[in-house]
Amino acid sequence: MDSSTLQILIAMCGYMAIVIIIGVVFARRANQNSENYFLGGRSLGPWVAAMSAEASDMSGWLLMGLPGVAYWCGLADAAWTAIGLAVGTYINWLIVAKRLRRYSAAAGNAITLPDFFSNRFHEGKNGTNKAIMTISALFILIFFCVYAASCFVTCGKLFSTLFGAPYVAMMIVGAVFVLVYTVLGGFLAESASDFMQALVMITALACILILGTIAAGGVGAVVENAKSIPGYLEFFGIATPQTVDGVQQAAGGVPLFGEAGSYSLLSVASCLAWGLGYFGMPQVLLRFMAIRHEGELKKSRRIATVWVLISLFAAVSIGVIGRDLFPTALTTASDAENIFILLSTNLLPPLLAGLVMAGILAATISSSDSYLLIAASAFSKNLFQGVLKKDASEKQVMTVSRATLLILALVAIIIALDEDSVIFTLVSFAWAGFGATFGPLMLFSLFWKRINRAGAIAGMVGGGVMVFVWNLAIKPLGGIFGIYELFPAFLFSCLCIVVVSLLTKEPEAEIQATFEAVRAEQ
């Protein structure tokens with residue numbers, strides 16, 4: 001190991017030590033009871049709520065996946081996706097946050113998403129089973145395994161690129177670190193460290209954006225290079241790298257591209273549909289539930305929106321700058337996701353590069369610990385205590401939670417074993433799963449009094465199943481069917497909720513009274 005690599009390693013180890021200390025500091029409070037462990041006792045301030053929500057949401061794909069898409073095929077895919085995410089972030093904070101914070105407290109002081117949905121429809125009363133809780137918990141387990149796998153892929157790519165070590169070994173090292181940290185501190189530690197990691201992420205992005213632009217000769221030079229590639233800098237066109245077996249070809253040190261591909265309004269809608277995912281994203285919705293005062297949500301919304309706009313703009317721009325500075329260095333779609341690493345290690349002194357690399361690690365940790373913790377709570381709190389063993393003690397719930405964390409991490413590691421996995425692809429599938437399964441149900445639960453339990457179940461199952469059906473069976477047909485699966489699955493879930501709710505009896509008077517009481521609060 002040369003001195004430069006050693007300095008990078010020292011900087012990253014220092015960062016990880018700080019994260020572990022945070023976990024230890026919060027461990028005692030987190031382990032007092034499951035509400036503290038899973039929701040932090042509803043004690044988050046506006047800055048922590050906003051920054052931790054966005055850091056846990058964006059994950060490693062913000063620093064690797066999104067720049068990789070921009071590097072590989074140009075502006076359109078990355079920019080329209082970023083626009084959809086920015087709009088979705090703002091609307092989610094604007095219309096969902098306050099109502100959910102209020103309703104989750106009114107609905108039996110719910111501390112998890114399955115808790116909220118189950119309590120919202122008074123499951124367990126009058127002899128009803130807890131089908132909503134069971135189904136929602138199972139979907140959370142499924143999709144968060146895929147999400148956690150995308151984070152482990154990020155760790156593997158990061159460490160193997162930096163240190164020249166085997167991908168699988170480095171991926172497992174990263175997974176073990178995340179697992180230990182999550183077990184230690186729970187939600188409070190996760191949220192506190194996510195606040196710090198959000199600062200690291202946006203600083204790293206801004207730093208590389210500025211230095212990269214300077215190294216490329218200024219904004220004008222970057223734009224001219226991008227314009228020289230057919231379709232690369234167009235919003236309604238897309239660059240098409242000439243590949244052989246997935247590897248881009250080059251001639252005389254210049255990457256080869258074919259004619260610009262068309263980018264239809266359907267493609268734009270497909271990318272903008274990413275914004276719909278926010279309404280069903282558990283790691284974000286939990287922050288709404290956990291803020292200490294709903295009056296602080298306005299400030300949180302402004303903080304979150306500014307952070308997202310800056311971060312998304314920087315991430316897309318870094319991909320475009322990278323194509324100028326290192327046009328032939330990354331020759332596959334999977335390798336393209338290393339452009340942030342390549343820029344950092346070439347533009348910065350080793351010690352500072354290590355700190356910037358900690359930005360990727362920050363993004364990965366902030367997401368994977370959220371995913372694992374929420375999935376573990378879905379099983380231990382909702383399935384184990386809520387359905388299988390209703391008299392389970394707090395100690396038993398915590399024990400089952402930690403065992404579940406281990407099992408989930410192992411499953412995610414297995415999914416992440418493929419070194420050629422594309423982070424953006426893994427994230428897009430899990431994002432669609434959550435958005436279609438929970439997004440419509442969340443909106444209708446908060447804003448439509450007529451929705452009933454049967455409609456809620458139909459919407460969850462219909463949306464979740466349609467994601468698989470569209471992705472695996474319909475999307476490969478191409479043409480108009482090539483749209484991102486979140487959009488049709490979201491609409492299908494909405495249709496299921498409305499039709500089934502209207503065809504079955506209306507909710508009981510007590511449920512409607514709670515809805516009206518929550519709506520009437522100011």
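For Ala250, nonlocal amide neighbours, meaning residues 5 or more places apart or on other chains whose placed amide H falls under 5 Å from its own, are Leu256. Placing +1 on each Lys and Arg Cβ and -1 on each Asp and Glu Cβ, with no other charges, gives region 370-522 a dipole about its Cα centre of roughly 340 debye.
In this simple spin-label model, placing a label point 7 Å from the Cα along the Cα-to-Cβ direction at both Ile407 and Lys505 gives a separation of 3.7 nm.
Computing FRET efficiency as 1/(1 + (r/R0)^6) for Leu388 and Thr328, where r is the C-beta to C-beta distance and R0 is 51 Å, gives about 0.35. The lysine pair tally for region 367-522, using Cα distances under 19 Å and a gap of 8 or more places or different chains, is 4. Stretching the chain fully between Ala513 and Ser264 yields a gain of 85.0 nm (0.36 nm per residue, less the alpha carbon separation).
Nearest 20 debye, what's the magnitude of the dipole of the chain about its Cα centre given +1 on Lys and Arg Cβ and -1 on Asp and Glu Cβ?
1780
Multiplying each eigenvalue of the alpha-carbon gyration tensor of the chain by 5 and taking the square root yields semi-axes of 38, 27, 20 Å, largest first, rounded to whole angstroms.
Along the chain, the exposed loop sites are trypsin sites (Lys or Arg not before Pro) outside DSSP states H, G, I, E and B with at most 11 other Cβ atoms within 10 Å, and the longest stretch free of them is 126-389.
Screening the chain for DSSP H helices whose Cα atoms reach 20 Å or more along their own axis and whose mean Kyte hydropathy is at least 0.5 gives 3-30, 75-91, 131-163, 167-215, 297-325, 350-377, 394-415, 423-447, 453-469, 486-503. 3J(HN,Hα) along region 235-246: 7, 10, x, 8, 6, 10, x, 7, 10, 10, 6, x Hz, from the Karplus curve 6.51 cos²θ - 1.76 cosθ + 1.60 with θ = phi - 60°, whole Hz, x for Gly and Pro. Carbon-plus-sulfur accessible fraction, the chain (probe radius 1.4 Å, protein heavy atoms only): 67%. Scattering from region 361-495 was approximated by placing one identical point on each alpha carbon and applying the Debye formula without solvent; log10 I(q)/I(0) at 0.13, 0.20, 0.21 1/Å stands at -0.74, -1.23, -1.24. Once the C-beta distance of Lys298 and Leu6 is scaled by a Förster radius of 45 Å, the resulting FRET efficiency is 0.45 to the nearest 0.05.
With a 1.4 Å probe and all protein chains left in place, how much accessible area per residue does the chain have, in Å²?
In whole numbers, the chain has 36 Å² accessible per residue.
Look at the dipole of the chain built from charges on Cβ: of Gly88, Asn346, Phe424, the Cα furthest out on the positive end belongs to Gly88.
The values are calculated or read from the model by the stated rules, or taken from the named source; none is laboratory data. As the structure is a prediction and not an experimental result, all values here were calculated from the model. For neighbour counting, all protein chains shown are included, and Cβ atoms are generated from backbone atoms with ideal geometry for every residue, glycine included. Please note that ligands, DNA and RNA were not included when accessible areas were found on the heavy atoms of the full protein model with its side chains. Shrake-Rupley method; radii C 1.70, N 1.55, O 1.52, S 1.80 Å.
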